[in-house]
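Novice: I have a structure I would like to understand better, so I am pasting it below and will then ask my questions one at a time.
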Amino acid sequence: MQKNYIKGSEAVLKSLIEEGVDTIFGYPGGTIMPLYDELFNYKEKINHILVRHEQGAVHAAQGYSRASGKVGVCIATAGPGATNIVTGIADALIDSTPLVCITAQVSSDKLGTNFFQEADTISITVPITKWSYQITSADEVAVIIAKAFYIARTGRPGPVLISLTKNAQIELTNYKYRSDLVFNIPCLKRVQISQSSIKEAIDLINSSKKPMIIVGQGVIISEAGGDVIELAERGSMPIVSTLMGLSAVPSNHPLFAGNVGMHGNLAPNMMTQRSDLIIAIGMRFSDRVTGDTSRYAPMAKIIHIDIDKAEFNKTIKSYLQIQGDAKEVVKLLIPGVKRSLDSEWDSFIKECWKKERDLIIDKLLSDSVNDTVSMAQAVDSIARIGKGSVVIVTDVGQHQMFCARYSKFNYGRSMITSGGLGTMGFGLPAAIGAKVGAPQRDVVAILGDGGFQMTLQELGTIMQSNIDLKVVILNNSFLGMVRQWQELFFEGRYSFTEMINPNFIQISNAYNIVSKRVEIREELDYAVKEMLEFRGSYLLEVVVRNEENVFPMVPSGSSLDEILY
Amino acid sequence: MNREYIVVAFVNNQISVLNRITSAYLKREINIESLNVSESFVKGISTIVISAITSADTIERIVNQLGNVIDVLQVDYYHQEDLIYKEMALYKISADILSDKSDSDYILNRSNSRIIEMGKEFLIIEKSGSRYELEKMKEKLESKKFLAGYSRSGNAILHREQDKSILLKVS
Ligand SMILES: Cc1ncc(C[n+]2csc(CCOP(=O)(O)OP(=O)(O)O)c2C)c(N)n1
């Protein structure tokens with residue numbers, strides 16, 4: 001047989017190409033130099049995007065994955081390069097994002113000697129990865145890269161870390177990619193969906209009075225949005241969404257009834273407390289969704305559909321659990337479901353919505369206190385002018401909750417946000433990745449002034465790689481969400497939440513990014529329109545009210561019907 | 001209510017698997033009371049036996065998490081009474097014990113242990129039993145100032161009921 005000896009580093013790149021990788025986000029350094037040297041020869045085949053900080057690389061890979069549905073890839077050097085991606089790996093695990101992160105490591109004969117830039121990356125990342133592996137010989141490359149991609153994307157997706165020793169990059173190996181490899185991994189085996197549970201679920205649905213469907217990110221991952229709508233239509237059931245499930249179902253669908261959780265809409269939270277049947281699909285009953293678990297959904301039987309059986313009965317006890325891919329399970333439910341609209345339930349939902357409009361939304365969107373801008377108005381403006389077709393990428397804080405509440409989504413994979421970990425600094429680099437992953441779509445990053453400054457160096461990536469990204473900073477000169485909690489729960493003591501900010505326009509100028517600052521309401525729509533129509537990157541700073549709160553709010557530990565507004 | 005739970009996992013004999021398993025306990029601030037890793041009857045597959053005191057909900061979550069570890073092939077938890085469950089201990093005892101009639105009678109005849117080495121000054125004794133039994137003998141020897149060294153292993157286990165075995169189900 002013909003032998004094909006190449007270096008381990010080239011084997012890595014060839015394997016990535018075999019896995020369909022077109023883009024990687026990374027940052028070079030001493031230990032990963034052999035891989036970068038080889039990358040020089042592969043410039044045409046792999047688009048490498050040079051970030052400004054490794055945290056930017058991993059968040060960009062996350063954004064890329066969330067926008068495209070593909071596995072995101074980032075590379076970093078040993079030691080500090082590897083520790084700089086830790087935040088993104090933890091974020092990807094809790095938000096089920098498939099990543100392959102390759103970090104370099106000192107040569108295997110130097111392991112454990114505190115060699116220059118040696119950090120024990122495997123141990124550091126054990127609790128925050130789905131799998132990790134240290135490659136110590138070039139011969140392992142082909143199989144391990146294939147296994148890494150298989151694990152990252154199969155079952156409940158998650159991040160995989162590959163630690164690549166320097167000698168493994170340099171050594172020669174007889175490379176052969178094996179696309180026929182079968183990995184026999186017990187926890188990733190396809191489960192047989194229980195037919196009796198399907199039948200039981202159908203009976204429960206058909207005989208329910210006040211049913212509701214809650215969609216989580218699992219519906220997006222398994223691309224089950226259309227099937228969930230069909231199920232809802234056949235069963236005349238309202239659909240509500242978690243933060244991570246947003247955009248799984250178009251916001252303007254008549255059965256879509258809003259968002260659940262801490263800053264969700266009134267209706268879904270009130271519905272949860274009255275419903276007699278909750279069909280939870282691809283969601284995990286996080287504390288931000290349930291409030292006080294002992295008082296959650298007191299009247300409801302819960303059907304929990306998830307691919308990960310570890311989620312069953314973890315925080316909320318369910319009546320029936322169906323393990324399986326969301327799309328497959330929903331498809332099995334559809335034919336048996338037939339149920340007509342319950343007018344009492346329907347009018348309850350409509351009443352809640354009227355109440356929320358009267359008490360909160362209409363007031364917020366129409367009022368013009370001193371002509372200052374509310375975050376809600378800024379997000380609403382982007383939703384209206386963008387006609388619900390842009391991808392919204394957020395950072396973490398008040399603006400994130402306003403984005404969840406006031407954005408409109410016509411297509412899936414349109415809301416990219418850090419849900420489980422709540423990682424400030426996620427927004428800008430994730431938006432870069434999202435634009436690269438979905439180049440045909442308009443991507444708008446909506447950020448707080450605090451979170452923007454955690455990763456603003458990535459404006460350099462936008463400049464260098466010509467990323468056509470719209471960046472909106474909602475500047476309240478506060479760490480707004482923390483300030484809100486201080487106002488509500490710490491007697492207004494604003495302990496270190498006020499921000500003295502730099503001139504964001506000058507910063508934008510320094511990176512050659514066109515920018516504009518808006519301070520009054522009248523100028524908002526015009527500026528948003530100008531931004532969305534601009535070809536190329538654009539930064540819009542919107543000065544918003546300093547001490548605005550996001551309402552409604554279910555305070556931490558309260559029951560879902562104990563709502564502040 | 002907290003009680004002892006024994007988790008038995010079959011895992012690929014791979015670097016970092018043990019780390020992943022113990023991290024599921026560490027994460028929840030659960031102390032591991034005893035841990036034993038040994039090769040199972042299948043080459044390349046190890047058996048890990050961990051005992052810890054915790055609640056039913058927590059052990060359920062731990063086992064669910066362990067079930068999602070890529071290199072874990074099978075994992076379950078048991079109560080102490082489900083299992084035949086023994087540890088082994090070595091005792092280093094001063095040879096003075098032989099000069100006292102009742103103490104030497106205890107060690108030679110009544111303690112269910114066996115002498116595995118006999119020196120001028122010390123005897124080494126081996127005993128298997130529950131952790132409680134082993135500790136009890138240790139305390140006894142200690143209180144009489146005979147004990148010069150002590151070491152205990154992790155658990156070896158088998159399921160008590162005839163039709164149940166803790167065996168890897170080969171698929
Ligand atoms: C890395 C990180 N550090 C701290 C926090 C805690 N935190 C949550 S929201 C928030 C304030 C965010 O302020 P800003 O970015 O200005 O957004 P705003 O809430 O004003 O919209 C902070 C500090 C966090 N989520 N992530």
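Novice: Rounded, prolate or oblate: which fits segment A:367-543 when a ≥ b ≥ c are the square roots of the eigenvalues of the alpha-carbon gyration tensor, with rounded for a/c under 1.5 and prolate only if a/b beats b/c?
Specialist: Taking the square roots of the gyration eigenvalues as a ≥ b ≥ c, segment A:367-543 is rounded.
Novice: As an exercise, use a Förster radius of 60 Å and the Cβ-Cβ distance of B:Tyr132 and A:Lys363 to find the FRET efficiency, rounded to the nearest 0.05.
Specialist: Taking R0 as 60 Å, the efficiency between B:Tyr132 and A:Lys363 is 0.30.
Novice: Right, next: Measuring with a 1.4 Å probe in the full set of protein chains, what accessible area per residue, in whole Å², belongs to the protein assembly as shown? If you can, show how the numbers build up before the last one.
Specialist: Details: 31840 Å² over 736 residues.
Heavy-atom SASA per residue in the protein assembly as shown reads 43 Å².
Novice: Sticking with this one: State the antiparallel share, in %, of DSSP beta bridges confined to the protein assembly as shown, rounding to the nearest 5.
Specialist: 45
Novice: So, one more: If I take R0 = 45 Å and measure r between the Cβ atoms of A:Asn41 and B:Ile15 in this structure, what FRET efficiency does the formula 1/(1 + (r/R0)^6) give, to the nearest 0.05?
Specialist: Step by step, r from the Cβ atoms, then E = 0.90.
Novice: Rounded, prolate or oblate: pick one for segment A:5-185, where a ≥ b ≥ c are the square roots of the eigenvalues of its C-alpha gyration tensor, a/c under 1.5 means rounded, and failing that, prolate if a/b is larger than b/c, else oblate.
Specialist: rounded
Novice: Also: For A:Gly20, what charge total do you get from the other residues with a beta carbon under 15 Å from its beta carbon, if Lys and Arg give +1 and Asp and Glu give -1?
Specialist: Net charge around A:Gly20: +1.
Novice: Per residue of B:56-69, count partner chain C-beta atoms within 10 Å of its C-beta, then hand back the mean as an integer.
Specialist: Other-chain Cβ atoms within 10 Å of each residue's Cβ, averaged: 3.
Novice: 5 Å is the cut-off here: which amide hydrogens, built 1.01 Å from N in the peptide plane, fall below it relative to A:Ser515, excluding neighbours closer than 5 in sequence?
Specialist: Residues meeting the criterion, in which the H sits 1.01 Å from N, are A:Leu539.
Novice: Can you pull the percent of Cα pairs in chain B with separation above 27 Å?
Specialist: On the way: 5603 of 14535 pairs.
Roughly 39 percent, rounded to a whole number.
Novice: Something else now. Excluding residues on the same chain fewer than 8 positions from A:Lys7, give the lysines whose Cα lies under 26 Å from its Cα.
Specialist: List returned: A:Lys43, A:Lys45, A:Lys110, A:Lys147, A:Lys166, A:Lys176.
Novice: Additional query: Per-residue counts of other Cβ atoms within 10 Å, averaged by peptide: what ranking do you get for B:20-32, B:109-121, A:500-512, A:143-155, highest first?
Specialist: By packing density, highest mean first, the sequence is A:143-155, B:20-32, A:500-512, B:109-121.
Novice: Can you tell me the order of A:86-94, A:407-415, A:216-224 when each peptide is scored by its average per-residue count of other Cβ atoms within 10 angstrom, highest first? The partial results should precede the final answer.
Specialist: Numbers: A:86-94: 23.9, A:407-415: 20.8, A:216-224: 25.4.
Going from most to least packed, we get A:216-224, A:86-94, A:407-415.
Novice: Please average, across the residues of A:312-320, the number of beta carbons from any other chain that are within 10 Å of each residue's own beta carbon, and give a whole number.
Specialist: 1
Novice: Further, regarding this structure: Within a Cβ distance under 11 Å of A:Gly258, other residues only, what is the Lys/Arg minus Asp/Glu net charge?
Specialist: 0
Novice: Per residue of A:181-188, how many C-beta atoms from partner chains lie within 10 Å of its own C-beta, taken as a mean?
Specialist: Partner-chain Cβ atoms within 10 Å, mean over residues of A:181-188: 4.
Novice: Please enumerate, by chain and number, the aspartates and glutamates with C-alpha under 16 Å from the C-alpha of A:Lys130, excluding those fewer than 8 residues away in the same chain.
Specialist: Hits, sequence-local ones excluded: A:Asp91, A:Asp95, A:Asp308, A:Glu311, B:Asp71.
Novice: How big is the B-A contact in terms of buried accessible area, both chains counted, 1.4 Å probe, rounded to the nearest 100 Å²?
Specialist: Accessible area lost upon association: around 1400 Å².
Novice: Continuing with the same structure: Of B:Val37, B:Asn19, B:Ile59, which is farthest on the positive side of the dipole of segment B:3-78, counting Cα position, with +1 on Lys and Arg Cβ, -1 on Asp and Glu Cβ, and the Cα centre as origin?
Specialist: Result: B:Asn19, furthest along the dipole toward the positive end.
Novice: Another question, if that's okay. What whole-number distance in Å separates the alpha-carbon centres of segment A:218-246 and segment B:74-107?
Specialist: 60
Novice: Rounded, prolate or oblate for segment A:324-463? Axes are the square roots of the Cα gyration tensor eigenvalues, ordered a ≥ b ≥ c, and the cut-off for rounded is a/c under 1.5.
Specialist: oblate
Novice: Quickly work out the A:Asn206-to-B:Asn112 label distance, labels modelled 7 Å from Cα along the C-beta direction, and quote it in nm with one decimal.
Specialist: Each label point is offset 7 Å from its Cα along the Cβ direction, giving 6.0 nm.
Novice: Taking every pair of Cα atoms in segment A:139-188, average 1/r, invert it to obtain the Kirkwood radius, and report Rg/Rh to two decimals.
Specialist: 1.01
Novice: At a 1.4 Å probe, what is the % contribution of carbon and sulfur to the accessible area of segment B:20-171?
Specialist: Carbon plus sulfur share of accessible area: 49 percent.
Novice: What is the Cα radius of gyration of the protein assembly as shown over 2.2 N^0.38 Å, N being its residue count?
Specialist: Ratio of Rg to 2.2 N^0.38 Å for the protein assembly as shown: 1.09.
Novice: Ok, one more. Quick check: residue separation of A:Asn174 and A:Lys331 times 0.36 nm, minus the Cα distance between them. What number comes out in nm? If you can, show how the numbers build up before the last one.
Specialist: On the way: separation 157, 0.36 × 157 = 56.52 nm, distance 4.53 nm.
Extra length available between A:Asn174 and A:Lys331 comes to 52.0 nm.
Novice: While we're here: Work out the FRET efficiency for B:Arg3 and A:Met299 from their Cβ-Cβ distance, taking R0 = 41 Å, and round it to the nearest 0.05.
Specialist: Approximately 0.75, to the nearest 0.05.
The values are calculated or read from the model by the stated rules, or taken from the named source; none is laboratory data. Being a predicted model, the structure only gives us computed values, none of them experimental. Every residue, glycine as well, gets a Cβ built from its backbone with ideal geometry; the counts of neighbours run over all protein chains shown. Quick note on the areas: whole protein, heavy atoms, side chains included, nothing else; ligands and nucleic acids left out. Shrake-Rupley method; radii C 1.70, N 1.55, O 1.52, S 1.80 Å.
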